[in-house]
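The values are calculated or read from the model by the stated rules, or taken from the named source; none is laboratory data. Computed from a prediction, not measured in an experiment: that's the story for all the values here. Virtual Cβ from ideal backbone geometry, glycine too; neighbours counted across all protein chains shown.
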């Protein structure tokens, strides 16, 4: 096990060292905040583990989520990344599976007021693939959002892991498209998590700027779709 310290606060160093010793883990620190994907790459690209879990700190995993993920990956070796079923703090469904977005979809979902989103509910439902069944897995999902991505490590490492062109936001979409060249993305509702975060627009101007920058990098690399 490897524990990556992506923060600048020195006062946490000793506490993290204690945590690493407790879990018999290796602590990687001193590099500062190099970004979400690049922080994962420090472990993902150097590891020999069979699987790598991308997990936001505001996600709580179900007691049996990892067991279910491992069971599914063993049964479907063609799957390179799986996404779980996600619920928010109040039990509402969140949707990690996505179709290829347009600029309008991003603006609508991230910044439009609720009354405007309601007028385009069918469009948002299509983009977020809300029609996927909750009683069986779905193979061949185009894109996965990265609050929880259970990865088969070797094929992800083969495509270079996360692109370091992204600091945060859209590195998960970019990885999804490149990982699809190595295998299949899947939605597995038997894997269950709770997500307490999300919505960059509500986190202040810095997060909005990072979101817009990530979107620009993504569309320039993979192709613009305005509507």
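Which of the numbered conditions does residue 23 fail, given that it passes all the others? Conditions: (1) within 29 Å of residue 167 (Cβ to Cβ); (2) surrounded by fewer than 17 Cβ atoms within 10 Å (Cβ to Cβ); (3) in contact (Cβ under 8 Å) with a residue 60 or more places away in the chain.
Of (1) within 29 Å of residue 167 (Cβ to Cβ); (2) surrounded by fewer than 17 Cβ atoms within 10 Å (Cβ to Cβ); (3) in contact (Cβ under 8 Å) with a residue 60 or more places away in the chain, only one is false for residue 23: (3).
Which condition number in (1) surrounded by 10 or more Cβ atoms within 10 Å (Cβ to Cβ); (2) in a loop (DSSP other than H, G, I, E, B) is the one that residue 126 fails?
For residue 126, the exception is condition (2).
Name every residue in the stretch 175-191 that is under 23 Å from residue 130 (Cβ atoms) and out of contact with any strand residue (DSSP E or B) (no Cβ under 6 Å at 6 or more places or on another chain), in order of residue number.
175, 177, 180, 190
Hey, which of the strands (runs of 3 or more DSSP E) in the stretch 37-107, taking only ones fully inside, have at least 2 residues that are in contact with a helix residue (DSSP H, G or I) (Cβ under 8 Å, 6 or more places away or on another chain), in contact (Cβ under 8 Å) with a residue 60 or more places away in the chain and closer than 24 Å to residue 166 by Cα?
The strands (runs of 3 or more DSSP E) meeting that bar are 51-55, 79-87.
Residue 85 - would you say it is buried (at least 16 other Cβ atoms within 10 Å of the Cβ) and more than 22 Å from residue 44 (Cα to Cα)?
Against the criterion (buried (at least 16 other Cβ atoms within 10 Å of the Cβ) and more than 22 Å from residue 44 (Cα to Cα)), residue 85 qualifies.
Across the stretch 141-159, which residue is nearest to the chain's Cα centre (by Cα) among those that are free of Cβ contacts under 8 Å to residues at least 60 places away in the same chain and not in a helix (DSSP H, G or I)?
Among those that are free of Cβ contacts under 8 Å to residues at least 60 places away in the same chain and not in a helix (DSSP H, G or I), it is 143.
Exactly one condition in (1) in contact with a helix residue (DSSP H, G or I) (Cβ under 9 Å, 6 or more places away or on another chain); (2) free of Cβ contacts under 8 Å to residues at least 24 places away in the same chain; (3) part of a helix (DSSP H, G or I) is not met by residue 177; state its number.
For residue 177, the failing item is (2).
Filter the stretch 16-36 for residues that are under 16 Å from the mean Cα position of the chain (by Cα) and not in a helix (DSSP H, G or I) and give the result.
The answer is 35, and nothing else.
Tell me, yes or no, whether the stretch 157-176 has at least one residue that is modelled with pLDDT of 95 or more and surrounded by fewer than 16 Cβ atoms within 10 Å (Cβ to Cβ).
yes
Within the stretch 191-211, identify whether any single residue is closer than 25 Å to residue 93 by Cα, touching a residue at least 24 places away in the same chain (Cβ under 8 Å), within 17 Å of the chain's Cα centre (by Cα) and buried (at least 21 other Cβ atoms within 10 Å of the Cβ), and answer yes or no.
Yes, some residue in the stretch 191-211 is closer than 25 Å to residue 93 by Cα, touching a residue at least 24 places away in the same chain (Cβ under 8 Å), within 17 Å of the chain's Cα centre (by Cα) and buried (at least 21 other Cβ atoms within 10 Å of the Cβ).
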